[in-house]
4 protein chains.
Amino acid sequence: MLLEKEKSFLALIDVQARLLPGVHEHERLVKNCNWLVRLAHLMDVPAIGSEQYPDGLGHTEEGLRELVGEANIHGKTCFSSIDDPGFYQSLKAYDREQVVVCGMESQACVMQSAMRMHEEGLEVFVVADAISARDPFDTEISLRRMEQAGIRLVTREMVGFEWLRRSDASQFKAFSKEFLQ
Amino acid sequence: MLLEKEKSFLALIDVQARLLPGVHEHERLVKNCNWLVRLAHLMDVPAIGSEQYPDGLGHTEEGLRELVGEANIHGKTCFSSIDDPGFYQSLKAYDREQVVVCGMESQACVMQSAMRMHEEGLEVFVVADAISARDPFDTEISLRRMEQAGIRLVTREMVGFEWLRRSDASQFKAFSKEFLQ
Amino acid sequence: MLLEKEKSFLALIDVQARLLPGVHEHERLVKNCNWLVRLAHLMDVPAIGSEQYPDGLGHTEEGLRELVGEANIHGKTCFSSIDDPGFYQSLKAYDREQVVVCGMESQACVMQSAMRMHEEGLEVFVVADAISARDPFDTEISLRRMEQAGIRLVTREMVGFEWLRRSDASQFKAFSKEFLQ
Amino acid sequence: MLLEKEKSFLALIDVQARLLPGVHEHERLVKNCNWLVRLAHLMDVPAIGSEQYPDGLGHTEEGLRELVGEANIHGKTCFSSIDDPGFYQSLKAYDREQVVVCGMESQACVMQSAMRMHEEGLEVFVVADAISARDPFDTEISLRRMEQAGIRLVTREMVGFEWLRRSDASQFKAFSKEFLQ
């Protein structure tokens with residue numbers, strides 16, 4: 001099954017500035033999450049975010065926070081985003097069945113969010129080059145665990161080409177120029 | 001399930017000369033696609049090709065284009081080859097149920113073609129050493145995504161030995177001499 | 001499916017001091033098993049252990065043995081822990097359906113225990129960074145074999161975050177301070 | 001599902017001396033196949049072998065040939081051993097449902113034999129450290145293809161510990177002394 005832009009939303013999980021320095025390849029993580037949020041905007045796909053206990057751990061990385069918009073980012077205390085009532089209502093309001101997941105950490109909030117979304121009947125696609133953890137081994141095993149559960153692994157470019165589907169789509173020129181090197 | 005030469009056709013996806021320089025290990029890609037098309041000829045297996053937006057991006061690498069034959073290569077604007085009417089009719093005319101897929105890029109036209117062919121009921125075999133992308137991580141995750149969907153991973157030599165099945169097949173001497181080192 | 005602390009128990013398989021020197025990355029193995037037993041204590045999750053032929057091969061590494069408690073460690077002669085009557089009764093007495101498995105060696109007692117527990121209807125979670133073997137290739141293939149059989153692969157941190165589920169859980173402060181670097 | 005020695009037989013595929021020099025890590029291949037045949041003897045598990053076109057390509061490596069016994073090695077022209085009538089009858093005569101496969105080359109005769117045995121209803125276990133090919137990439141993709149088809153991946157030591165099951169089995173002392181370092 002491929003992604004369809006009309007059915008999709010993007011979930012950015014807990015990319016909080018204060019936690020980034022300890023995360024493996026965190027600059028690549030932020031860059032690729034940024035790429036995905038801008039792509040979602042280009043394709044008219046809604047993006048929502050979450051933050052783990054923002055009162056104590058602070059907010060999402062500044063650039064991402066601006067792109068997603070403060071009002072679309074939900075503070076939470078449970079590790080699984082979908083088990084937060086605010087996030088859940090926001091998701092339900094969009095009524096879309098395919099979720100593209102990126103963020104951190106792979107073995108904690110990303111995996112729990114993805115697994116619980118899958119259990120709730122969503123079609124979950126985790127972006128393998130836009131998640132990370134302090135220890136890359138946690139990312140590796142998280143990918144295998146999610147894969148085994150039926151969650152799909154994608155890359156950021158897969159998401160782009162699937163949302164577009166055709167090179168004569170109206171957004172392709174911008175995609176080709178701004179998103180591919 | 002193994003490949004059978006009477007049921008097979010080969011699909012060469014978008015190996016366009018102008019795009020090759022940016023592709024990871026592109027010389028190996030061209031060499032292995034070439035190997036597969038020549039093998040198809042030896043085994044009387046039909047080969048068809050596709051090109052993404054050839055008016056803008058140019059044609060298939062010269063050697064491959066000659067081998068497959070211009071008339072068998074379909075220009076397209078959708079990323080999935082099977083969703084192009086010309087490619088689809090050509091495929092339907094052969095009425096064969098097993099497709100061997102090679103070409104580029106793994107995460108874009110190769111994966112979308114393979115997934116859509118699988119959804120259309122074809123038995124899809126992707127040649128892991130005859131696909132590539134600009135970023136090898138895209139190839140790695142594409143292979144996992146296709147594998148999870150039920151698409152089979154093969155190598156070029158697997159294809160050869162499965163189409164042959166026996167060392168007393170009439171084509172084995174030529175295979176052994178020209179295709180194995 | 002995620003782990004739930006009320007349904008879980010921890011099984012420490014055969015981390016016997018005399019065998020450790022030949023085991024790949026054995027210091028990491030002991031450290032991560034230790035981490036898991038302490039986590040189980042923090043979360044009120046029962047932990048039981050096994051030892052392969054202790055009369056001949058000696059006992060569990062001292063620190064682990066104290067943590068789990070001698071009375072909870074069962075000597076056995078079969079490689080699969082659950083096929084030992086003492087271990088089995090102990091497990092049945094807890095009446096919990098999710099088992100978190102760590103220890104050694106991956107390809108022998110860990111894999112046989114995990115496979116047989118799975119056959120007995122338990123939900124088995126093997127901790128990929130808390131098992132080992134003399135040859136790391138044995139660990140790699142064991143993980144694939146167990147994965148294929150439907151056993152889940154986790155990391156020690158996945159176990160921690162799943163047993164906790166929320167950052168406002170009463171044990172989270174201790175977890176964050178003592179178990180994460 | 002674990003191996004049971006009463007239900008098992010060992011299949012040694014095409015380890016022919018003349019072809020060995022071109023095979024990746026061929027000394028390890030021969031050593032590990034030798035280990036498995038001696039283990040089969042220790043455990044009273046029957047072993048049968050195959051040779052691809054022996055009139056042209058010569059016989060099995062000398063040490064292995066002696067261990068398995070000439071009478072138990074079947075010359076063939078099809079790549080899949082089970083499709084050779086002599087091999088098939090030999091296999092049927094044993095009436096055992098679990099087959100442990102080792103030999104070469106991974107992507108040709110090993111994979112075709114394993115896939116066809118699986119299709120015939122046997123429970124197939126391929127020994128990942130006792131198969132090889134000229135190109136290790138062919139072995140890697142063969143393992144994934146067989147795994148996807150439901151064939152189990154094992155290591156030589158897994159086979160040993162599963163056939164034994166207990167450290168008080170009568171053969172354990174010999175196993176421990178002669179087969180483990």
query: Using alpha carbon centroids, what distance separates the range C:10-70 and the range B:147-181, in Å?
result: 49
task: Treating the angle as unsigned and between 0 and 90°, give the value, to the nearest 10°, between the Cα long axis of helix B:26-42 and the longest Cα principal axis of chain B.
output: 50
task: Would you please calculate the Kirkwood hydrodynamic radius of the range D:1-156 over all C-alpha pairs and express it in Å, rounded to one decimal?
output: 14.9
- prompt: Amide H to amide H, which residues 5 or more places from C:Gly75 or on other chains are under 5 Å from it, using H placed in the peptide plane?
  reply: C:Glu51
- line: Candidates A:Pro46, A:Pro21, A:Pro54; GNM for chain A (alpha-carbon contacts under 10 Å) flags as most fluctuating A:Pro21
task: Would you mind classifying the range D:77-181 by shape? Square roots of the alpha carbon gyration tensor eigenvalues, ordered a ≥ b ≥ c; an a/c under 1.5 is rounded, otherwise it is prolate if a/b is larger than b/c and oblate if not.
output: oblate
query: With the Cα gyration tensor of the range D:73-125 giving a ≥ b ≥ c as the square roots of its eigenvalues, does the rule (a/c under 1.5 for rounded; else a/b larger than b/c for prolate; else oblate) give rounded, prolate or oblate?
result: oblate
- prompt: Taking chain A as a Gaussian network, where each spring joins two C-alpha atoms under 10 Å apart, which residue of A:Arg38, A:Arg156, A:Arg18 fluctuates the most?
  reply: A:Arg18
Using θ = phi - 60° and Karplus 6.51 cos²θ - 1.76 cosθ + 1.60, couplings along the range D:162-178 (whole Hz; Gly, Pro as x): 6, 5, 7, 6, 9, 7, 9, 5, 4, 8, 5, 4, 5, 4, 4, 7, 9
DSSP bridge orientation in the protein assembly as shown - percent antiparallel, rounded to nearest 5: 10
- line: To the nearest 10 degrees, the tilt of helix D:85-94 (Cα long axis) against the first principal axis of the alpha carbons of chain D is 10
query: To the nearest 20 debye, what is the magnitude of the charge dipole of the protein assembly as shown about its Cα centre, counting +1 on the Cβ of each Lys and Arg and -1 on the Cβ of each Asp and Glu?
result: 120
- request: In a Gaussian network model over chain B where Cα atoms closer than 10 Å are linked, find which of B:Ile48, B:Ile151, B:Ile141 has the largest mean-square fluctuation.
  value: B:Ile141
message: List, shortest first and in nm to one decimal, how far the label point of B:Leu20 (7 Å from Cα along Cα→Cβ) is from its counterparts in the other copies.
response: 4.1, 4.1, 5.8
query: What are the ³J(HN,Hα) values, in whole Hz, obtained from phi via the Karplus relation 6.51 cos²θ - 1.76 cosθ + 1.60 with θ = phi - 60°, for each residue of the range A:72-84 in sequence order, with x given for Gly and Pro?
result: 9, 10, 9, x, 8, 10, 7, 6, 7, 4, 5, 8, 8
task: Treating only the Cβ atoms of Lys and Arg (+1) and Asp and Glu (-1) as charged, compute the dipole magnitude of the range D:132-181 about its Cα centre; round to the nearest 20 debye.
output: 180
field: Cα principal axis extents for the range A:23-115, largest first, Å
entry: 33, 31, 24
task: Search the structure for amide H atoms under 5 Å from the amide H of D:Arg134, placed 1.01 Å from N in the peptide plane, and list their residues when 5 or more places away or on another chain.
output: D:His24
- prompt: Based on DSSP, what percent of beta bridges with both residues in chain D are antiparallel, to the nearest 5?
  reply: 5
- prompt: How high is the FRET efficiency from D:Asp95 to C:Asn72, r the C-beta distance, R0 60 Å, rounded to 0.05?
  reply: 0.85
Degrees between helix C:136-149 axis and first principal axis of chain C (Cα, 0 to 90, nearest 10): 70
- line: The set of residues whose placed amide H lies less than 5 Å from the amide H of C:Glu105, leaving out same-chain residues fewer than 5 positions away, is C:Val110
message: With only alpha-carbon atoms in the gyration tensor, what are the semi-axes of the equivalent ellipsoid for the protein assembly as shown, in Å, largest first?
response: 41, 41, 18
statement: Given Cβ charges of +1 for Lys and Arg and -1 for Asp and Glu, the option among C:His59, C:Gln98, C:Ser142 whose Cα lies farthest towards the positive end of the dipole of the range C:5-179 is C:Gln98
- request: Can you put A:Thr77, A:Thr139 in order of Cβ neighbours within 10 angstrom, beginning with the fewest?
  value: A:Thr77, A:Thr139
task: Considering Cα pairs under 8 angstrom that are at least six residues apart, work out the relative contact order of the range B:5-179 and quote it in whole percent.
output: 26
query: If you count, for every residue in B:156-163, the Cβ atoms of partner chains within 10 Å of its Cβ, what is the mean?
result: 5
query: Across the Cα atoms of the range C:1-69, what radius of gyration and what greatest pairwise Cα-Cα distance (Dmax) are found, in Å?
result: 12.7, 40
query: Could you put A:His74, A:His41 in order, starting from the residue whose Cβ has the fewest other Cβ atoms within 10 Å?
result: A:His41, A:His74
Test item: Cα-centred dipole of chain D, Lys/Arg +1 and Asp/Glu -1 on Cβ, debye: 400
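Each value in this text was obtained by applying a stated rule to the coordinates, not by laboratory testing. Not measured: the values here are computed from a predicted model. Positions of Cβ are backbone-derived with ideal geometry, glycine not excepted, and every protein chain shown enters the neighbour counts.
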